[in-house]
Every structure is written in structure tokens, then in C-alpha cells.
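The values are calculated or read from the model by the stated rules, or taken from the named source; none is laboratory data. Just so it is clear, the model here is predicted, and its values are computed rather than measured. Virtual Cβ from ideal backbone geometry, glycine too; neighbours counted across all protein chains shown.
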Amino acid sequence: MYFYLSIGTNINPEKNAVKVVKLLCQNFGLLTLYPFVYTAPEAMSSDSIFLNSLAIIHSQKDKSEIKHILNTIEMTLGRDRNDPEKSVKDRTADIDILLCNPQYSLSFFERFTDTYIQSCLSPNLPANLSTQGLPSYQGATTIDLDRISGEIMITKNKLDCLVNG
């Protein structure tokens, strides 16, 4: 099953965005990742700008297991999942499952009209996170971790790597 994710952070966003990507790779291996973009907070009051991205992971686990892993990643980075106001507060990490589908297609993200999702699909000015350890890339690409160094790397810059392993 392919899991289509949204990723957001507005506390130390550059560092936490890269940490989220590393933890996703550690848990799921290859992933398709869109460039991170800066976006204004939505449905909350905050002066802190967000870094948002979209990702696709592949797993044989069911949705509840995936959600548990994503929540664990958020908590590892400092988010209080028990706070009843967590959805309206600044956050170190917010990873949501937008869609589960047995098919891989970048077009599935186009179903969502949220401003931050649309910004990720057509970034005017993607964030440069290379100083934090995320190589520069244009558009959706396949990301993995180098198993020796633990550094994030672009895998042949081809999208079919996630589908073909």
C-alpha cells in the first residue's frame, strides 16, 4: 500500500524538516519527497512560518500501524500528542496520512485543495535545506538514507525507484 503524507513543522523548521525525512527513511526506506516550501499557518494563530512538504511511502503495514509510527516520529521530535490543543499550537513535527492507495501516482495529491498542499505541488521558491543535510532537488524525487553515513541522498533522481525498489 502507498501512503500519501503531508509533513509540516514550524518550530526550528529547517532542522526538524530534515529530521522528519531521516526518520521516515529509517522507518520506511525509500520515499518520494516533494521540495519543502515555506507557508503561512492555516487554521491556527501563530507568528511562526511553516515548512511543508508531501511524501509517499510504501509499506505492507496497515494504516493504524503507519499512523502509530508517524505519531512516534512526531513525539521523538518533541510534539505532545496528548495535548488537546495540539492542532492549534506550533509544532516540531506534524505528519498526516492524506490517502492510502494500492497505486502509486503523484496526481493523487491534486485532489486536495489546501493552500499548503498546492504550494508543495507547485513550489515558487522551494526551501534550500542543503546546509541541514537535505540535498537540493527540483520537483518530487526519491529519497533514501546512505546506510553507511546516515546521510540523506537522492536515489537516481527517478520517481520509479519507490515503485521498483
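In the range 36-62, how many are assigned to a strand (DSSP E or B) and charged (D, E, K, R)?
Selection size over the range 36-62: 0.
For the range 18-35, filtered to residues that are under 11 Å from the mean Cα position of the chain (by Cα) and part of a loop (DSSP other than H, G, I, E, B), the residue that is surrounded by the fewest Cβ atoms within 10 Å (Cβ to Cβ) is 35. Filtered by the rule that a residue be polar (S, T, N, Q) and more than 10 Å from the chain's Cα centre (by Cα), the range 36-54 gives 39, 45, 46, 48.
Number of residues in the range 138-164 that are in contact with a strand residue (DSSP E or B) (Cβ under 9 Å, 6 or more places away or on another chain), at pLDDT 85 or above and either assigned to a loop (DSSP other than H, G, I, E, B) or among the basic types (Lys, Arg) (or both) equals 3. When residues in the range 74-132 are screened for being of a type in the set (Val, Ile, Thr), under 18 Å from residue 35 (Cα atoms) and part of a helix (DSSP H, G or I), 3 of them pass. Of note, residue 33 does not satisfy the criterion of being farther than 18 Å from residue 132 by Cα, in contact (Cβ under 8 Å) with a residue 40 or more places away in the chain and hydrophobic (A, V, I, L, M, F, W, C). Against the criterion of being under 22 Å from residue 19 (Cβ atoms), among the aliphatic types (A, V, I, L, M) and either touching a residue at least 24 places away in the same chain (Cβ under 8 Å) or surrounded by fewer than 19 Cβ atoms within 10 Å (Cβ to Cβ) (or both), residue 134 qualifies.
Given the criterion of a type in the set (Asp, Glu), in contact with a strand residue (DSSP E or B) (Cβ under 7 Å, 6 or more places away or on another chain) and at pLDDT below 95, identify the matching residue among 47, 94, 83, 90.
Going through 47, 94, 83, 90 in turn, the sole match is 94.
Taking the range 65-111 as the range and being over 23 Å from residue 15 (Cα atoms) and of a type in the set (S, T, N, Q) as the test, the residues that pass are 82, 101, 103, 105, 107.
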